[in-house]
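In what follows, a single structure is set out as structure tokens and then discussed.
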Amino acid sequence: ASDVWIYALTTLSTPSADCTNCGWTATLLFDTTWQAFQNLSCLNDTAFAFQKALAQTFNQMDPSQIQYDIWGVPDLVMATPFCFYTCVGDGAASSVWNASGPPAATSAAASNSSGTNSSRTNSTNTSSTASTNGNSTLGGTKTATTTDVWSWTGPRTFSFKLRLSVGNVAQLFQAVRNMSTGIKTVGDPPLSGLNLTRVTVQDNDDLLLSECARLHSTLNDFIGACVPIREPRVDMSSLDPSLDCDSNCVRSYCQFRNLSRYDDFPDFIPCNQPGSCSTDGVCGSPGSRTGHATSTFTFKGLTYMLIFGGEFSYTNAAGQSALNLSNIVYAGTFQDSSLYFFQLHALDTTSSPAPEPRRDAAVEVIDQRSGMGKLLVFGGLGGNAGLSSYGERF
């Protein structure tokens, strides 16, 4: 990825009674069908719908302020692989894994509602063409298969807990004061089958949050007695990488080794992808990459993020997407509200040694006396044979 996010650490609050950027927590208990839990765990669209449903239930105007952790899931369920993935793309950096639930259960499995076992069989692809179907355990790795025959004979319903965190405690107070103690269906398909049964004070499963709100009828009393566990939060925002961005941008420009070339252009030439630009120039943007290493360096009062090497995707002479390794060092620093990236050019590219292109190296800046410093590079995964015409290197 090449997106840049800012975590505003100055907004981090101490989770005291009056903190304004806190998450206010409670414990939720759910009954669920197997299919509803699959949808919630495996499908992003369902997770977003669930987040919106929780926001409506607890009077939170902004669903993005809803955060939650699922726990207390039965061991049998956690031990069962039930998220299936399909790779979309050609294996390059732009490829993504699309998630889905497993194929429909066999009729025998569907009719069994009281068993405790699960089973699955895979028909592995043995042809020369790589398979694009896969399966994954929760938090596990994806394994390519062509056919998945799924048979689930475990419990058709079960319970789990959820640690809820909301951003607006006043609206939470109003919501739980008016909340009934009965079972609440969370939403329409694909959330049908997911029922909220209890809302309790965090770390006190015996005290309903609604009852606590009635016993402590003012907001301040509710905060002190009913939401004793809070989490600090920070503001997050992303920078705009588009070339026509005006503020809060990620900016890069064409760079030339021959300084006289800058005289040919009245203005800097913006760019946002690594590679050549203006015939004999290179773009100062690191673009999308993975396996790179970073460190920081302070020079003349400015702090720079240094990025070394990594694996990146490029388009070769045949117009195909390919992967390559880099030994380039990029630097990024803030000016006003925008982040500026540029390449660090070696003084001598003909006789000076340079590290081989690599990923996953260890780097560190040392000896910054009087604004000077050294960037140490150690190890990493190299061995990139047959570098193309656009193999990034000094």
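The values are calculated or read from the model by the stated rules, or taken from the named source; none is laboratory data. What you see is a predicted model, and the numbers here were worked out from it, not measured in a lab. Counting neighbours? That spans all protein chains shown, and the Cβs are built from the backbone with ideal geometry, glycine included. What goes into the accessible areas is simple: the full protein's heavy atoms, side chains included, and nothing from ligands, DNA or RNA. Shrake-Rupley method; radii C 1.70, N 1.55, O 1.52, S 1.80 Å.
General observations
- Full extension of the segment from Ala362 to Asp205, taken as 0.36 nm per residue of separation minus the current Cα-Cα distance, would add 51.9 nm.
- Residue-normalised convex hull volume from the C-alpha trace of the range 286-369: 132 Å³ per residue.
- Net length available on complete extension from Ser237 to Asn44 is 67.4 nm, with 0.36 nm assigned per residue and the Cα-Cα distance removed.
- In this simple spin-label approximation, Thr181 and Gln67 carry label points 7 Å from Cα along the Cα→Cβ vector, and these lie 3.2 nm apart.
- FRET efficiency for the Arg214 to Ser351 pair, using the beta carbon distance and R₀ = 56 Å, is estimated at 0.10.
- Label zone (Ser321, point 7 Å along Cα-to-C-beta; backbone nitrogen cut-off 19 Å) within the range 36-56: none.
- Computed over the range 322-379, the alpha-carbon pair-distance distribution with 10 angstrom bins reads 16, 42, 35, 6, 0, each value a whole percent.
- Calculated FRET efficiency for the pair Ala8/Asp263, C-beta based, R₀ 35 Å, to 0.05: 0.30
- Think of a 1.4 Å ball rolled over the protein heavy atoms: the range 304-383 then has 56 Å² of accessible area per residue.
- The range 185-292: trypsin sites (Lys or Arg not before Pro) in DSSP loop, at most 13 other beta carbons within 10 Å: Arg257
- Estimated distance in nm for a label pair at Val88 and Thr33, the labels positioned 7 Å out from Cα along Cα-to-Cβ: 2.6
- Overall Cα dimensions of the range 1-85 - principal axes, largest extent first, Å: 42, 36, 24
- Solvent-accessible ranking of Tyr253, Tyr304, Tyr330, largest area first, probe 1.4 Å: Tyr253, Tyr304, Tyr330
- Solvent-accessible ranking of Leu243, Leu28, Leu9, largest area first, probe 1.4 Å: Leu9, Leu243, Leu28
- Extended-chain gain in nm, criterion 0.36 nm per residue less alpha-carbon gap, Ser192 and Asn98: 31.6 nm
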